[in-house]
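> Would you mind keeping the following structure in view while I ask a few things?
The values are calculated or read from the model by the stated rules, or taken from the named source; none is laboratory data. Everything quoted here is computed from the prediction, not taken from an experiment. Cβ atoms come from the backbone with ideal geometry, glycine included; neighbour counts cover every protein chain shown.
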Amino acid sequence: MGLEVAASAKEVSTPARITLRYRVEYLAVRSILELLGWLPHRASRALCAVLAALSYRLWPRLRRVGLVNLRLAYPDWSERQRRRVLFASFQNLGRMLADFAHFPRWARANMERIVVYDGFEHFARAREQGKGVLFLTAHFGNWELSSFAHGAYGHPLSFAVRRLDNPLLDALINRYRTLTGGRAIEKNDLAREALRVLRQGESLGILMDTNMLPSEGVFVPFFGRLACTTTGPARLARKTGAAVVLGLVIWDRELGKYRLRFEPVEWIHRDDPEEEVTTNTARFTALIEAYVRRHPEQWLWVHRRWKTRPPGEAPLYEASDRRL
């Protein structure tokens, strides 16, 4: 989600052609979401747990990528430990799907049944500074619930998204995401819109744990291995003076619900601007890593986080998996 990526005029102005395939995909996904949303929440989660287990068994490429990532991150673990965490990660995605399908049922009156604040005072102090709040998050826990719940509690925010190839699906998913007043900003519009949002003193959410191309990021440590990471959040914070908070939605098994956890992020100053951007990008990434280490089963291990390698370094994934 780097700010350096600009859309071509064609990407911005030419609408995608609505094909038969797009219509079929849309009807299938809408039907699944409506079915899951119609079922009682507990039944919906149970069904999605079964779907997640089937996906784990029947999607070998994703399983293979997940195991490669876990070997890189936890070389001392047994293969049995890695498989157990990867299976739990699939289960987390299943729970997330069930919860997403129930978004139309939730509002401020019943939001505490599913998610509660943890450390809201950190967000409040950041907002009081008056320069906007940069809400850093990751593909962790139920990331779709972060902006949704925050909006339901009366604090809607803008958030960066990647446009889906299927425009019908893109509109459907974003309709669910924005039911509590949030606003989706497509990646190609992020550079311009992000500055406007923060300069107006509003909040902006950015997922920053995905692999980037070398032109879009810098290499910083993640689980002891260099990972190409977006510099967008650090550049935004440096340019606008926005306060930075880490915001993660963590599944708490004991509570039986999620905690929307806010943590303040200290800005590190350097004399050289690029060094400052890299240093703070590394800082942001280290904070995310710390939470993943605490709750490894809640991170998206099937993403090829270490796909982009420094010059001269060999690929870490098989050729067939690098096309995923």
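> Which count do you get for residues in the stretch 272-284 that are surrounded by fewer than 22 Cβ atoms within 10 Å (Cβ to Cβ) and either in contact with a strand residue (DSSP E or B) (Cβ under 6 Å, 6 or more places away or on another chain) or at positive phi (or both)?
Residues in the stretch 272-284 being surrounded by fewer than 22 Cβ atoms within 10 Å (Cβ to Cβ) and either in contact with a strand residue (DSSP E or B) (Cβ under 6 Å, 6 or more places away or on another chain) or at positive phi (or both): 2 in total.
> Kindly indicate the residue of the stretch 122-137 that is more than 18 Å from Gly182 (Cβ to Cβ) and either without any contact (Cβ under 8 Å) to a residue 60 or more places away in the chain or of a type in the set (Phe, Trp, Tyr) (or both) and also surrounded by the most Cβ atoms within 10 Å (Cβ to Cβ) among those meeting that condition.
Once the filter is applied, the top-ranked residue is Ala124.
> Just one of Ala73, Ala49, Ala28 is small (Gly, Ala, Ser) and free of Cβ contacts under 8 Å to residues at least 12 places away in the same chain; which is it?
Answer to the check: Ala28.
> Can you give me the number of residues within the stretch 242-295 that are among the small types (Gly, Ala, Ser) and in a loop (DSSP other than H, G, I, E, B)?
Going through the stretch 242-295 one residue at a time, the tally reaches 2.
> Quick one: count up the residues across the stretch 89-109 that are closer than 16 Å to Asn142 by Cβ and not in a helix (DSSP H, G or I).
Matching residues across the stretch 89-109 total 2.
> Within the group Ala242, Ala237, which residue is touching a helix residue (DSSP H, G or I) at 6+ places or on another chain (Cβ under 6 Å), under 21 Å from Phe120 (Cα atoms), in contact (Cβ under 8 Å) with a residue 40 or more places away in the chain and surrounded by 15 or more Cβ atoms within 10 Å (Cβ to Cβ)?
Selected residue: Ala242, the only one of Ala242, Ala237 that is touching a helix residue (DSSP H, G or I) at 6+ places or on another chain (Cβ under 6 Å), under 21 Å from Phe120 (Cα atoms), in contact (Cβ under 8 Å) with a residue 40 or more places away in the chain and surrounded by 15 or more Cβ atoms within 10 Å (Cβ to Cβ).
> Within the stretch 86-103, does at least one residue satisfy the condition of being surrounded by 19 or more Cβ atoms within 10 Å (Cβ to Cβ), hydroxyl-bearing (Ser, Thr, Tyr), closer than 30 Å to Val244 by Cα and in contact (Cβ under 8 Å) with a residue 40 or more places away in the chain?
Scanning the stretch 86-103, I find at least one residue that is surrounded by 19 or more Cβ atoms within 10 Å (Cβ to Cβ), hydroxyl-bearing (Ser, Thr, Tyr), closer than 30 Å to Val244 by Cα and in contact (Cβ under 8 Å) with a residue 40 or more places away in the chain, so the answer is yes.
> Condition check: buried (at least 18 other Cβ atoms within 10 Å of the Cβ) and modelled with pLDDT of 95 or more. Does Ile288 satisfy that?
Yes: the conditions hold for Ile288.
> Here's another thing I want to ask about it. Hey, among Arg192, Arg183, Arg163, which residue is more than 22 Å from Glu121 (Cβ to Cβ), in contact with a Ser or Thr (Cβ under 6 Å, 6 or more places away or on another chain) and among the basic types (Lys, Arg)?
Arg183
> Within the stretch 68-88, is even one residue hydroxyl-bearing (Ser, Thr, Tyr) and either assigned to a helix (DSSP H, G or I) or under 24 Å from Leu169 (Cβ atoms) (or both)?
Checked the stretch 68-88: no residue is hydroxyl-bearing (Ser, Thr, Tyr) and either assigned to a helix (DSSP H, G or I) or under 24 Å from Leu169 (Cβ atoms) (or both).
> Further, regarding this structure: Any residue at all in the stretch 218-233 that is aliphatic (A, V, I, L, M), touching a strand residue (DSSP E or B) at 6+ places or on another chain (Cβ under 9 Å), surrounded by 21 or more Cβ atoms within 10 Å (Cβ to Cβ) and farther than 30 Å from Gly312 by Cα?
No; the residues of the stretch 218-233 include none that is aliphatic (A, V, I, L, M), touching a strand residue (DSSP E or B) at 6+ places or on another chain (Cβ under 9 Å), surrounded by 21 or more Cβ atoms within 10 Å (Cβ to Cβ) and farther than 30 Å from Gly312 by Cα.
> Follow-up question, since we're still on this one. Being aliphatic (A, V, I, L, M) and farther than 17 Å from Glu266 by Cβ is the filter here; which residues of the stretch 215-247 pass it?
Once the filter is applied, which keeps residues that are aliphatic (A, V, I, L, M) and farther than 17 Å from Glu266 by Cβ, the stretch 215-247 yields Val218, Leu226, Ala227.
> For the stretch 298-319, state whether one or more residues are assigned to a helix (DSSP H, G or I), crowded, with 19+ Cβ neighbours inside 10 Å and either touching a helix residue (DSSP H, G or I) at 6+ places or on another chain (Cβ under 9 Å) or of a type in the set (S, T, N, Q) (or both).
Among the residues of the stretch 298-319, at least one is assigned to a helix (DSSP H, G or I), crowded, with 19+ Cβ neighbours inside 10 Å and either touching a helix residue (DSSP H, G or I) at 6+ places or on another chain (Cβ under 9 Å) or of a type in the set (S, T, N, Q) (or both), which makes the answer yes.
> Are any residues in the stretch 185-241 basic (Lys, Arg), at pLDDT 95 or above and under 24 Å from Asn69 (Cβ atoms), and if so, which ones?
Arg225 - this is the single residue of the stretch 185-241 that is basic (Lys, Arg), at pLDDT 95 or above and under 24 Å from Asn69 (Cβ atoms).
> Now a separate question. Tell me whether the stretch 60-74 contains one or more residues that are more than 30 Å from Glu202 (Cβ to Cβ), in contact with a helix residue (DSSP H, G or I) (Cβ under 8 Å, 6 or more places away or on another chain), β-branched (Val, Ile, Thr) and buried (at least 17 other Cβ atoms within 10 Å of the Cβ).
yes
> Which one of these is touching a strand residue (DSSP E or B) at 6+ places or on another chain (Cβ under 7 Å) and hydrophobic (A, V, I, L, M, F, W, C): Val244, Val302?
The unique qualifying residue is Val244.
> Further question on the same structure: Looking only at the stretch 158-187, which residues are touching an Asp or Glu at 6+ places or on another chain (Cβ under 7 Å), part of a helix (DSSP H, G or I) and either surrounded by fewer than 16 Cβ atoms within 10 Å (Cβ to Cβ) or among the basic types (Lys, Arg) (or both)?
Selection gives Arg177 alone.
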